[in-house]
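Worksheet for the structure shown next.
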Amino acid sequence: MPGTSPLSLANHFLIAMPGLHDPNFSRTVTLICEHSDQGAMGIIVNRSSPLTLKDIFEQMEINAESSHHAGAVVHVGGPVHANRGFVLHRPSGAWGSSLAITDHLSVSTSRDILEALARNEGPEAYFIALGYAGWSAGQIEQEIADNAWLSGPADERILFDLPVEARWAAAAQLLGVDLNSLSGEAGHA
């Protein structure tokens with residue numbers, strides 16, 4: 001199938017290795033939303049921002065006076081287009097602009113999902129982020145080969161049920177890796 005990577009990382013976590021010191025990605029877990037031979041796009045899922053959904057509602061002039069969601073934390077999804085919002089959510093639903101990651105997990109960028117949350121409607125579980133992480137063709141594969149990242153299948157429980165500060169270690173535990181026991185320095189045999 002043209003445009004599809006033979007080993008797609010979509011619906012996988014990229015877990016930053018301890019030696020990855022780039023301030024944008026140090027100690028992060030990134031959910032890969034899309035991956036093809038053209039590159040990859042993902043959302044960092046373990047970086048909180050000082051913003052709440054109420055701030056976003058106000059900025060977008062969405063009436064949210066009775067919203068139970070106004071206090072939800074907005075996260076830092078990555079360094080690319082840091083002013084653009086992304087909502088990871090389940091169930092998928094029929095929103096104006098959505099990309100299905102799995103049959104029951106999507107990422108949406110349209111105003112209608114935020115308006116639904118303002119009305120106390122919308123998805124049962126969601127994660128809101130500003131910005132995303134992007135990689136050009138072959139870049140993510142090279143970074144994995146260079147030992148910058150661990151990768152493994154995503155688990156929605158980490159995304160929706162665990163506190164942000166526990167996600168990095170928990171994502172690695174899915175692979176049987178204790179990140180605290182790894183050195184932050186690259187080694188050579």
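The values are calculated or read from the model by the stated rules, or taken from the named source; none is laboratory data. Treat the numbers as computed from the prediction; the structure is a model and nothing was measured. As a convention, Cβ positions derive from the backbone with ideal geometry for all residues, glycine included, and neighbour counts pool all protein chains shown.
Of the candidates 14, 20, the single residue that is within 17 Å of residue 148 (Cβ to Cβ) and at pLDDT below 95 is 20. Only residues that are in contact (Cβ under 8 Å) with a residue 24 or more places away in the chain and among the charged types (D, E, K, R) were counted across the range 104-121, and they come to 3.
Can residue 93 be described as surrounded by 13 or more Cβ atoms within 10 Å (Cβ to Cβ), touching a strand residue (DSSP E or B) at 6+ places or on another chain (Cβ under 6 Å) and at positive phi?
On the way: surrounded by 13 or more Cβ atoms within 10 Å (Cβ to Cβ): yes; touching a strand residue (DSSP E or B) at 6+ places or on another chain (Cβ under 6 Å): no; at positive phi: yes.
The answer is no for residue 93.
For the range 94-127, a tally of residues being out of contact with any Gly (no Cβ under 8 Å at 6 or more places or on another chain), β-branched (Val, Ile, Thr) and outside any strand (DSSP E or B) returns 2. Residues in the range 136-153: is at least one surrounded by fewer than 19 Cβ atoms within 10 Å (Cβ to Cβ), of a type in the set (A, V, I, L, M, F, W, C), in contact with a Lys or Arg (Cβ under 8 Å, 6 or more places away or on another chain) and in contact (Cβ under 8 Å) with a residue 24 or more places away in the chain? Within the range 136-153, none of the residues are surrounded by fewer than 19 Cβ atoms within 10 Å (Cβ to Cβ), of a type in the set (A, V, I, L, M, F, W, C), in contact with a Lys or Arg (Cβ under 8 Å, 6 or more places away or on another chain) and in contact (Cβ under 8 Å) with a residue 24 or more places away in the chain. Screening residue 43 with (1) surrounded by 20 or more Cβ atoms within 10 Å (Cβ to Cβ); (2) touching a helix residue (DSSP H, G or I) at 6+ places or on another chain (Cβ under 6 Å) gives one miss only, at (2). Screening residue 19 on (1) under 24 Å from residue 99 (Cα atoms); (2) surrounded by fewer than 17 Cβ atoms within 10 Å (Cβ to Cβ) shows it passes everything except condition (1).
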